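The values are calculated or read from the model by the stated rules, or taken from the named source; none is laboratory data. This is a predicted model, so every value here is computed, not measured. Heads up, the Cβs are rebuilt from the backbone with ideal geometry, glycines too, and the neighbour counts pull from every protein chain shown.
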Amino acid sequence: MKFHGITGNFAEANVEALVVAVFKGEKAAGNELKDLDKLTGGLVAEVMKAEEFKGDAGQTALLRFASKGAVTAGRLLLVGVGDKADYKPHSVAALAGTATRYLRKRSLKSFALLPRSEANASETAQNAVQGFITSQFELDKYKTKDKNSKTVDTLVVFVDGAKPAELKSGIVRGQAIGESINFTRDLANEPANILPPAEMAKRAQAMAKSVGLKCQILDEATMTRMGMGSLMSVSLGSAQPAKMIVLRYDPVKSTAKKGELLALVGKGITFDTGGISLKPGENMDAMKYDMSGGATVIGTMRAIALLKPTVPVIGVVAAVENMPDGAASRPSDVVTAMNGKTIEILNTDAEGRLVLADAVAYAEKQGATRIVDMATLTGAVIVALGDLNTGIMGNDQPLVDEIISLGKESGEGFWQLPLSAEYSKQIRSDIADIKNIGPRGKAGTIMGAVFIQEFVDKAKWAHLDIAGTAWADGVKPHQAKGPTGVAIRTLIKLVEKSQ
Ligand code: BES
Ligand code: ZN
Ligand code: ZN
């Protein structure tokens, strides 16, 4: 893929199509649209007046240039971006993605984008490039025919009066972020026979090598020796050995306060059958995505390695398969986690919290002072928030607030649910310290969070339940259906804000 930033004459870009953002209800007068209108012999104004095209977000209209004159491109694509007041810097990613998917379908290979964003040139270029890359991800990796072989390979971003260096740095950043999001989506999409825990570890290791991260893989013997009885209990029924993936990013020169360390911790259940508390057969195939939290950690660490912030970050992924067999744990089993707490397992399908218990305790033992864990943890969060908001909970309101607000900047929704000592009481066990489920049908998402909270000691901690947001059931103008790579953009901002 090729990316260029230009500041000269937009209409003269050497591409197959020009793409321009159009706000809802605007006219082709007194703005950038006027020149394009002239070049199309008044077609732009006509289409907009005829109400065929109102500028609603995601709407498209393809026009041809009447007299080409200095114009090299054969076509002009109008892409609606909705109300001007709602047009955010991150909206440029969806704009670029919508244009890319539209033109790709029509076998075009290159376009120049006029985003008309008020953000700075670097941010605009970054979002355009990221949207261009993520919009071309498809689910067809294992198709031998009918594969989507078309790609748009060249994007030219136009920002009036921008410094070339700003455009360049935005392009490089957008590429790092977009490719890392797709890296995560590829992992999340892999079926469990192809991506068991060992393979997930291998891919993380290869990625780490290619971008210069430290990577350590803990095997079952090591985890058992370290006392991770909670995590290991989930793996008992599986023929696939569990792995703990530990990725470390250390800046050349750190600006972090001494001793400060951010940890990203992910649920990496490569397949969740429910174990002995077996899930019903219908839709069980969806549970290949139960390692999306772990995939998010791996993709975010990849982006961090490329963006090189000045603060250290550690990524921890508990990669485990949850299967039923004669060695599997049963409802009523009691296990001991790494922090010494005893757990009564009352439902083996509430396994994500069991692996995260040891993973967050491990992260804190490694020196983490702030922990953000992410997991496809509960079906209940889908009932509560659908696929539009990630559930967020935590023990530190400023950290939760910061993630919510950075989410708004990156176009990712987070919605907080409450935690309290009252809720924590509901997972007290009759025979052990805690049990892994709360009362039936009550606050399922919160129960998952208060369970994980028991394994955080002094660290500031936030928990992201991405069960509803990690997978898109339908195609969008800018995005294929399937794994979304949710939270990566917000987490990158969190890391960069703490520099
Ligand atoms: N991986 C699931 C959560 C899930 C369920 C995600 C459905 C997407 C769709 C998790 O391990 C799980 O099974 N959670 C149980 C918890 C319950 C047993 C307390 C759930 O949500 O039903
Ligand atoms: Zn489960
Ligand atoms: Zn699960």
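Points to keep in mind about this one:
- Residue within the range 327-337 that is charged (D, E, K, R), farther than 23 Å from residue 218 by Cβ and surrounded by fewer than 18 Cβ atoms within 10 Å (Cβ to Cβ) present: yes
- When each of 395, 436, 339, 389 is tested for being assigned by TED's automatic domain parsing to the domain that holds residue 481 and under 19 Å from residue 236 (Cα atoms), the lone residue that passes is 436.
- Which listed residue, of 309, 280, is in a loop (DSSP other than H, G, I, E, B) and within 13 Å of ligand 2 (Cβ to nearest atom): 280
- Within the range 137-153, tally of residues that are more than 24 Å from the chain's Cα centre (by Cα) and not small (Gly, Ala, Ser): 6
- Every residue from the range 244-268 that is within 14 Å of ligand 3 (Cβ to nearest atom) and in contact with a Pro (Cβ under 9 Å, 6 or more places away or on another chain): 268
- Restricting attention to the range 373-385, the residues that are within 12 Å of ligand 1 (Cβ to nearest atom) and either among the charged types (D, E, K, R) or not in a helix (DSSP H, G or I) (or both) add up to 5.
- Each residue in the range 427-458 was checked for being more than 16 Å from ligand 3 (Cβ to nearest atom) and touching a residue at least 24 places away in the same chain (Cβ under 8 Å), and 17 pass.
- Residue 411 at positive phi and away from ligand 2 (no atom under 16 Å from the Cβ): yes
- Residue 296 vs. criteria within 15 Å of ligand 1 (Cβ to nearest atom) and under 20 Å from residue 392 (Cβ atoms): yes
- Residue list for the range 457-469, restricted to those being out of contact with any strand residue (DSSP E or B) (no Cβ under 7 Å at 6 or more places or on another chain) and either of a type in the set (Asp, Glu) or within 15 Å of ligand 1 (Cβ to nearest atom) (or both): 457, 467, 468
- Checked against (1) touching a helix residue (DSSP H, G or I) at 6+ places or on another chain (Cβ under 9 Å); (2) assigned to a loop (DSSP other than H, G, I, E, B); (3) within 14 Å of ligand 3 (Cβ to nearest atom), residue 290 passes all but condition (2).
- Cβ-Cβ under 7 Å pairs, at least 6 apart or on other chains, the range 394-405 side more than 19 Å from residue 445 (Cβ to Cβ), far side crowded, with 20+ Cβ neighbours inside 10 Å and modelled with pLDDT of 95 or more: 402/494
- Selection count, the range 344-372, where residues are away from ligand 1 (no atom under 11 Å from the Cβ), in contact (Cβ under 8 Å) with a residue 60 or more places away in the chain and within 30 Å of residue 398 (Cα to Cα): 15
- One residue alone among 435, 442 is surrounded by 19 or more Cβ atoms within 10 Å (Cβ to Cβ), among the charged types (D, E, K, R) and more than 12 Å from the chain's Cα centre (by Cα), and that residue is 435.
- Of the helices (runs of 4 or more DSSP H) lying entirely inside the range 388-456, those carrying at least 2 residues that are farther than 23 Å from residue 494 by Cα and either away from ligand 1 (no atom under 12 Å from the Cβ) or among the hydrophobic types (A, V, I, L, M, F, W, C) (or both) are 421-425, 444-453.
- Within the range 204-226, residues that are part of a loop (DSSP other than H, G, I, E, B) have Cβ atoms under 7 Å from residues that are hydrophobic (A, V, I, L, M, F, W, C) in these pairs: 212/305; 213/247; 213/301; 213/305; 226/338, counting only partners at least 6 apart in sequence or on another chain.
- Hits in the range 89-120 - residues which are surrounded by fewer than 24 Cβ atoms within 10 Å (Cβ to Cβ) and in a helix (DSSP H, G or I): 91, 101, 102, 103, 104, 105
- Residue that is buried (at least 20 other Cβ atoms within 10 Å of the Cβ) and in the same structural domain as residue 234 (by TED's automatic domain parsing), where the choices are 308, 288: 288
- Residue 470 within 25 Å of residue 334 (Cα to Cα), within 16 Å of ligand 2 (Cβ to nearest atom) and modelled with pLDDT of 95 or more: no
- The condition of being assigned to a strand (DSSP E or B) and either surrounded by fewer than 24 Cβ atoms within 10 Å (Cβ to Cβ) or more than 13 Å from ligand 2 (Cβ to nearest atom) (or both) holds for only one of 316, 320, 297, that being 316.
- The range 351-402: number of residues that are surrounded by fewer than 24 Cβ atoms within 10 Å (Cβ to Cβ) and either modelled with pLDDT under 95 or more than 19 Å from residue 297 (Cα to Cα) (or both): 14
- Residue tally, condition assigned to a strand (DSSP E or B), of a type in the set (Ser, Thr, Tyr) and within 16 Å of ligand 1 (Cβ to nearest atom), over the range 238-277: 1
- Residue list for the range 101-123, filter: closer than 14 Å to residue 177 by Cβ and polar (S, T, N, Q): 122
So that you can scan it fast, the table gives a plain yes or no per residue for (1) under 28 Å from residue 486 (Cα atoms); (2) modelled with pLDDT under 95; (3) not small (Gly, Ala, Ser):
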site	(1), (2), (3)
65	no, yes, yes
73	no, yes, no
82	yes, no, no
86	yes, no, yes
92	yes, no, yes
95	yes, no, yes
101	yes, no, yes
117	yes, no, no
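- Filter result for residue 183 (buried (at least 19 other Cβ atoms within 10 Å of the Cβ) and assigned to a strand (DSSP E or B)): no
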